[in-house]
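J.: The structure's right below; bear with me while I get my questions together.
The values are calculated or read from the model by the stated rules, or taken from the named source; none is laboratory data. Predicted, not measured: the structure shown is a model, and the values here were computed from it. Here the Cβ positions follow ideal geometry from the backbone for every residue, glycine too, while neighbour counts run over all protein chains shown. Quick note on the areas: whole protein, heavy atoms, side chains included, nothing else; ligands and nucleic acids left out. Shrake-Rupley method; radii C 1.70, N 1.55, O 1.52, S 1.80 Å.
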Amino acid sequence: MVASLARSVLAVLFFLVLAGCASKVANRAPVEDRTTTAAPSAAPPPEPVAPALRQPLGFENAGKPGYYTVKPGDTLIRIGLDNGQSWRDVARWNNLENPNLIEVGQVLRVVPPVQAAVAATPTPVVVARPVGSPTVATSPIGATPAPGTAPAPVSAASAGGGDEEVNWLWPARGPVLSGFDEVKNKGLDIGGVAGDPVLAAADGRVVYVGASLRGYGNLVILKHNNTYLTAYAHNQLLLVKEDQTVRRGQKIAEMGNTDADRVKLHFEVRRQGKPVDPAKHLPPR
């Protein structure tokens, strides 16, 4: 009896042990695979392509005679003055729709375009002379034209004495306050009182009237020929307009002190844009 009971207890215990093992196997946590799989390497991003640099307008003419490369602070008025030209002509030669829009590095034509027109050469006419008639040698220069023929036209340079010959006069009567200096003073400073007349130093055409050029105040610029310009600065009143033709001794402004420390006329003579000493061109006083 006791032995039978012991066997029953052992059987129950054995069953419980088997159930517990089964439970542990069934409730075991799932095994995680922690092995990392390397992601496929991505292709490197393409190298950025730098945009093509835009060349300034007219760059192909840089360094050529008759062309000017724009520098920081330049204006078309300053470029015209420094090259002996009207700023309007420079704008026209370069097809500038807005003369105020020029950029550093831009190359501008500052001489008139070359005219390609070639004058036709007339065919000489040979006139037969009777045998034995005298031959008279005549010079074509100064020869009297035959009746019914027009005389040869006279060039502007010949009629006006050439670009180097200008009949100058003093633009104001006051004393010279400061003489010419290539670095410090590019002209003459002539004293006076406000309202004194400022006169055109020679026949010419007005190519600028205004106050856009720093350091000059109210300014008038005259072009006398293909060689000479004159500038009249610091005026209180301007009496001419652009493209107007003026005569030597004509009143073009009244003396003042705009953009200056005192009343005076700053007068410049420019030969092909380069400042020269006005005292060497003006007549003795």
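J.: Report, by residue number, each residue of the stretch 216-234 that is in contact with an Asp or Glu (Cβ under 6 Å, 6 or more places away or on another chain) and more than 12 Å from residue 260 (Cα to Cα).
T.: The answer is 225, 226, 227, 231.
J.: Out of 235, 225, 257, which single residue is touching a strand residue (DSSP E or B) at 6+ places or on another chain (Cβ under 9 Å), among the polar types (S, T, N, Q) and open to solvent by 40 Å² or more (accessible area, probe 1.4 Å)? Step through it out loud before you land on a result.
T.: Numbers: 235 fails: open to solvent by 40 Å² or more (accessible area, probe 1.4 Å); 225 fails: open to solvent by 40 Å² or more (accessible area, probe 1.4 Å).
Of 235, 225, 257, the one residue that is touching a strand residue (DSSP E or B) at 6+ places or on another chain (Cβ under 9 Å), among the polar types (S, T, N, Q) and open to solvent by 40 Å² or more (accessible area, probe 1.4 Å) is 257.
J.: Consider the stretch 260-280. How many of its residues are closer than 17 Å to residue 198 by Cβ and open to solvent by 50 Å² or more (accessible area, probe 1.4 Å)?
T.: Of the residues in that region, 1 qualify.
J.: For the stretch 181-193, check the following and say yes or no: at least one residue is closer than 21 Å to residue 76 by Cβ, touching a residue at least 60 places away in the same chain (Cβ under 8 Å) and of a type outside the set (Gly, Ala, Ser).
T.: Within the stretch 181-193, one or more residues are closer than 21 Å to residue 76 by Cβ, touching a residue at least 60 places away in the same chain (Cβ under 8 Å) and of a type outside the set (Gly, Ala, Ser).
J.: Sticking with this one: Counting residues that are open to solvent by less than 20 Å² (accessible area, probe 1.4 Å) and either aromatic (Phe, Trp, Tyr) or modelled with pLDDT of 95 or more (or both), which strands (runs of 3 or more DSSP E) fully inside the stretch 133-221 reach at least 3? I'd like the intermediate steps shown before the answer.
T.: Numbers: elements: 176-178, 188-191, 197-199, 204-210.
In the stretch 133-221, the matching strands (runs of 3 or more DSSP E) lie at 188-191, 204-210.
J.: Looking only at residues that are in contact with a strand residue (DSSP E or B) (Cβ under 7 Å, 6 or more places away or on another chain), among the hydrophobic types (A, V, I, L, M, F, W, C) and assigned to a helix (DSSP H, G or I) in the stretch 60-92, which one is most open to solvent (accessible area, probe 1.4 Å)?
T.: Taking the candidates together, the pick is 87.
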